[in-house]
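In what follows, a structure is listed as structure tokens, so that the remarks can point back to it.
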Amino acid sequence: MLSEERDFDRRSAQSDVLKAKLEVKEQAQLAEGLRRQVDKLKREGMRSTRQAERDKREIQLLNAEIERLNGEVQRFFQTGVRDFIGIIEKARKKSEQEVERITSSLSPKGVVPASASVH
């Protein structure tokens with residue numbers, strides 16, 4: 001009976017060892033799978049970081065282009081306003097000259113009616 005108990009204990013111990021080895025193997029496989037997932041996430045994170053850096057550079061370039069275009073629009077607007085003021089000034093002078101010409105043709109030489117004077 002002692003021999004049977006030893007055999008049982010030995011088989012039980014072997015079974016426990018096999019179970020432990022199987023559990024260690026499963027844990028190692030699980031750890032390997034987790035390591036792969038971590039590596040994959042790291043690679044994706046690096047790709048995301050590189051993409052974010054590229055996006056940031058592109059945004060900076062676009063902002064610089066926007067500033068440049070805003071400057072051009074501002075210069076164009078200022079030039080347009082100056083040109084418009086010049087056109088108005090020419091038209092005013094031409095109108096004054098026309099009023100003066102008409103007034104001088106209607107009145108006797110050297111006399112200009114007070115209502116026709118231009119300021």
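Quick look at the values:
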| item | result |
| --- | --- |
| Close pairs from region 15-44: first surrounded by 10 or more Cβ atoms within 10 Å (Cβ to Cβ), partner of a type outside the set (D, E, K, R) and at pLDDT below 90, Cβ under 7 Å, at least 6 apart | none |
| Top-ranked residue in region 1-14 [being assigned to a helix (DSSP H, G or I) and among the hydrophobic types (A, V, I, L, M, F, W, C); ranked as most open to solvent (accessible area, probe 1.4 Å)] | PHE8 |
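The values are calculated or read from the model by the stated rules, or taken from the named source; none is laboratory data. In this text, all values refer to a predicted model and were calculated from it rather than measured experimentally. Note that we place each Cβ from the backbone using ideal geometry, even for glycine, and neighbour counts take in every protein chain shown. The accessibility values were calculated without ligands, DNA or RNA, using every heavy atom of the protein model including side chains. Shrake-Rupley method; radii C 1.70, N 1.55, O 1.52, S 1.80 Å.
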